[in-house]
Amino acid sequence: MKVTRRQFLKISSGVIGTVVATEAASWGLDTIGMEKQAVKVPIKTGRQVPSVCPYCSVGCGTIVMVNDAGKIIDIQGNPDSPISEGTLCPKGAATYQLVMNDLRWTKVKYRAPGSDHWEDKPLDWAMDRIAQLVKKTRDENFNEYEEVADIRGKKSRQRVMNTYAIASLGGATISNEWNYAQQKLMHGLGVVSVENQARI
């Protein structure tokens, strides 16, 4: 079967409907099977919740379709997103498989210091543990005063109220609102090293 350049461009340029079917049939392709399969695809309807793709730093908009029971039934591109205008890359288009997956871990894996095995812990336990360790690290490494040099090299003791023992590295898909709250929290703790992954 020989396909001319013009025929190839007609198909690959996104022409839909009858033209595609006619061209495909003229090449000897059976389109009836494809049409029957397309009829079987269920149209999912439910409450639409705007969200953001969790993967790369582009931050494409998504719509999460939720049924009456609150269960996610579909995730697709959001046509109102100024970033992606409804399109998603293959990874973003497969977000539903990330969320609704029987193999997805629903507990935190914890390995105690000196232990040779992992334990399953609830998320609430992990959040409390992180808070305790942040407070302990801050308390043990907090600088109320520090010797600070001016432009001439003259040192003076100044109140700094900071810690160098904790750092914050944000993710690229974090929204401006989340970044604002995060830096307020970190600066409130006296954390000096605050960075966002999108800038690295």
*asked:* Let me see the P(r) profile for region 38-179: every Cα-Cα distance counted, bins of 10 Å, each bin given as a percent of all pairs.
replied: 9, 21, 26, 20, 14, 8, 2, 1
*With a Förster radius of 30 Å, plug the Cβ-Cβ distance of Val160 and Leu123 into 1/(1 + (r/R0)^6) and report the FRET value to the nearest 0.05.*
0.30
*Under 1.5 on a/c is rounded, so check that first for region 132-200, then, if it is not, pick prolate when a/b is larger than b/c and oblate when it is not; a ≥ b ≥ c are the square roots of the alpha carbon gyration tensor eigenvalues.*
oblate
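So for Glu144, Glu195, fewest C-beta neighbours within 10 Å to most, what's the order?
Ordered by Cβ neighbours within 10 Å, fewest first: Glu144, Glu195.
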*Based on the Cβ-Cβ distance from Leu98 to Lys2, what FRET efficiency comes out when R0 is 45 Å, to the nearest 0.05?*
0.55
*Order by neighbour count: Val3, Val66, Val191, fewest other Cβ atoms within 10 Å first, most last.*
Val3, Val66, Val191
_Longer than 31 Å from Cα to Cα, which of Lys109/Lys135; Lys71/Lys184; Lys44/Lys91; Lys44/Lys109; Lys71/Lys107 are they? Say none if no pair is._
Lys71/Lys184; Lys44/Lys109
*Quick one: what Rg and Dmax do you get for region 57-137 from the alpha carbons, in Å?*
18.1, 51
*Report the FRET efficiency, 1/(1 + (r/R0)^6), for Arg152 and Gln197, where r is their Cβ-Cβ distance and R0 is 35 Å, rounded to 0.05.*
0.40
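Throughout, read-outs are computed from the coordinates displayed, never taken from laboratory work. Keep in mind the model is a prediction, meaning the values are calculated, not measured. For neighbour counting, all protein chains shown are included, and Cβ atoms are generated from backbone atoms with ideal geometry for every residue, glycine included.
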